Amino acid sequence: MSEQDSMPLAEVAEYLGVSDYTVQSWAEDGGLERAEGNPFWFTRESVEALKKDLMGRKLQSFDLLNKFNERPGADGQG
């Protein structure tokens, strides 16, 4: 696996906007695939898949929050 196909832990953390510890936790939980031969590198494919999943969750949360705020009486009146 080439360096273009993998990313080091610190780069993954910066790319996803999280801490190194969070990246390691996701890897231990199976959310990221470690690159062969180095436990602190992850496959770019798994990083991109996790980013896509995280963005989907973020959008889903945003939609739920908007629906909550649009319900009758959400503005504190009535």
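The values are calculated or read from the model by the stated rules, or taken from the named source; none is laboratory data. Model, not experiment: these values are computed from the prediction. Neighbour counts run over all protein chains shown; Cβ positions are idealised from the backbone, glycine included. For the accessible areas, the whole protein counts, side chains as well, though only heavy atoms, and no ligand, DNA or RNA atoms are used. Shrake-Rupley method; radii C 1.70, N 1.55, O 1.52, S 1.80 Å.
What the table shows:
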| quantity | calculated |
| --- | --- |
| Semi-axes of the equivalent ellipsoid for the chain, Cα gyration tensor, largest first, Å | 37, 11, 9 |
| Residues Tyr21 and Ala49, FRET efficiency given R0 of 22 Å [Cβ-Cβ distance, rounded to 0.05] | 0.60 |
| FRET efficiency, Asp5 to Asn69 (Cβ-Cβ, R0 30 Å, nearest 0.05) | 0.10 |
| Label-to-label distance, nm, for residues given as Lys58 and Asp29 (7 Å Cα→Cβ offset) | 1.7 |
| Net charge of neighbours whose Cβ lies under 14 Å from the Cβ of Arg57, counting Lys and Arg as +1 and Asp and Glu as -1 | +1 |
| Assigned charges on the beta-carbon of Lys, Arg, Asp, Glu; the chain dipole about Cα centre (debye) | 420 |
| Nonlocal amide H pairs with Leu32, under 5 Å, H built at 1.01 Å | Ala27 |
| Largest to smallest accessible area among Thr22, Thr43 [probe 1.4 Å] | Thr22, Thr43 |
| Calculated from backbone phi, Karplus (6.51, -1.76, 1.60) coupling profile of segment 10-21 in Hz, x at Gly/Pro | 4, 5, 4, 4, 5, 4, 8, x, 10, 7, 4, 4 |
